[in-house]
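Following: one structure in structure tokens, then a few remarks.
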Amino acid sequence: MSVKSELDGAAAIRTPGVVAAGALLAVAVVLTALNLRPAITGVGPMLAEMRQDLGASVVWAGVLTTLPTLCFAGAGLAAPLLARRAGIGVAIAVALGALAAGLVLRVLDGPVVVLGGTLVATAGIALINVLVPVVIKGSFPARIGLLTGVYTAALQGGGALGSAVTPQLGDAFGGWRPALGGWAVLAVVALVTWILAARGTGRAPRHADAAEAGRSLLRNRLAWIVTAFFGLQAFYAYAAMGWFPQVLMDAGVSRDDAGLLFGLVSLIAVPISLVVAPMAARRRGQGPWTATLGLIGVAGTAGLMLAPAWSPLLWSILVGLGMSVFSLALTVIALRARTGADTARLSGMAQGFGYLFAALGPFLFGFLHDVAGGWTVPLAMLLGLLGVQLVFGVLAGRHRFV
């Protein structure tokens, strides 16, 4: 039976059991989303402490902050194949298990183990990144904007918690190791909930055919436009997550306040995702929405470059609003595909190649800082990329299909 016919059948019979199963699936999606950023955003505020404790170099720090996006690229391209062979529900459960294991592993030993654990954890995150939009497209076809907004809000809320809470956990429990490793508890909770949701419903987690083999999108112009848009916003986001706390600290902000401010950057995106993504999804085109958020990001980045100490709070708010374009990038992936199979292919392509490009972000940002001896040049680079992102965001938002 095809995904479409199964969904049509589910829509025709709205028994209490089906409704409850769908609600449990939605809860599982939210809990899963909460786990997709603390493993990354928690590192920034603790990076200096980690380097001092481990005796690690600046190169090691650059590898650590670049590794997540490299994993997102490789695992993202592999996700549709894994889902086709194992089923989406099993694939996401395995990915959550890998995330929990990697979070524990990376706090057990020295610099190499930290990198290895980060590799395992972020590979799990990468698989989930690609597959959850397929779950939303297949299980909630009439509520794509709403569920994408909720998912993105939870994801960004988790990012805010990672940045803001991790330093506090370090102070409370004795350092960066328990602070970063403690996030494995949340991953286990999400894993248990996901297993229950996959068993309790016949909806998307059981649909292995949602990622079935089919036509390639590598020669599709719109698919590359969506990929470019996703990659550009991801480049900015991961450069920011890796280095903006340090930019703020160099402007005179304390470590804890820098963590809180960057937590605010992620937190701002929560209401934006809940409101803007559903509204944008109901329109024929999403270009004006992507352009507006992009321009706000330009203003925040320019302020951080020209007068970082004048109002770190204002710049953080504007940067957070600009980074919330991520919710529209995910919405666009679902809206530019007609079927679950095309959603899987477009999601894998956009996130795979997009994150491969984004992997340059933290490394290039840090490299330009070392070469130029300050933050002006790397921030100017981000401003230029935001201008290009505006163009591709408008093009990707037009009402067309791959």
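The values are calculated or read from the model by the stated rules, or taken from the named source; none is laboratory data. Please read these numbers as outputs of a predicted model, since none were measured by experiment. Here Cβ is always computed from backbone atoms with ideal geometry, including for glycine, and neighbour counts include all displayed protein chains. Each accessible area value is taken on the protein alone, full model and side chains, heavy atoms only, with ligands, DNA and RNA left out. Shrake-Rupley method; radii C 1.70, N 1.55, O 1.52, S 1.80 Å.
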Once you mark the trypsin sites (Lys or Arg not before Pro) that are in a DSSP loop and have at most 16 other Cβ atoms within 10 Å, what is the longest gap between them in the chain?
15-214
Listed residue (Gln286, Val371, Ala302) projecting farthest to the positive dipole end of region 281-385, Cβ model:
Gln286
Taking only Cα atoms and a 10 Å spring cutoff, compute GNM fluctuations for the chain and point out the largest among Gly159, Gly387, Gly97.
Gly387
Once the dipole of the chain is set up from charges on Cβ (+1 Lys and Arg, -1 Asp and Glu), the residue from the list Ala61, Ala239, Ala83 lying farthest towards its positive end is Ala83
Can you tell me how much longer the chain between Val192 and Ala309 gets when fully stretched, taken as 0.36 nm per residue apart minus their C-alpha distance, in nm with one decimal?
37.6 nm
Hey, can you rank 180-186, 129-135, 353-359 by average C-beta count inside 10 Å, highest first?
129-135, 353-359, 180-186
Angle between the Cα long axis of helix 312-323 and the longest principal axis of the chain, 0 to 90 degrees, nearest 10?
30
Under the rule of -39500 (n - 2.57) per DSSP H run of 4 or more residues, summed and divided by the residues of the chain, what mean residue ellipticity at 222 nm is obtained, to the nearest 500 deg cm²/dmol?
-27500 deg cm²/dmol
GNM on the chain, C-alpha springs below 10 Å: top fluctuator among Gly374, Gly300, Gly138?
Gly374
Label point 7 Å beyond Cα of Phe367 along Cβ direction - residues of region 55-71 with amide nitrogen under 20 Å
57-71
Stokes-Einstein, Kirkwood over Cα pairs, the chain, 10 °C, 1.306 mPa s; D in µm²/s equals 76
At a 1.4 Å probe radius, which order do Leu146, Leu346 fall into by accessible area, largest first?
Leu146, Leu346
Contact order relative to length of the chain, as percent, for alpha carbon pairs under 8 angstrom and 6 or more apart:
26
As I understand it, the value is the acute angle between the Cα axis of helix 376-396 and the longest principal axis of the Cα atoms of the chain; what does it come to in degrees, rounded to 10?
20
Tilt relative to the chain, helix 340-358 - C-alpha long axis, 0 to 90 degrees, to 10:
10
Could you size up the charge dipole of the chain around its Cα centre, putting +1 on the beta carbon of Lys and Arg and -1 on that of Asp and Glu, and report it in debye to the nearest 20?
1680
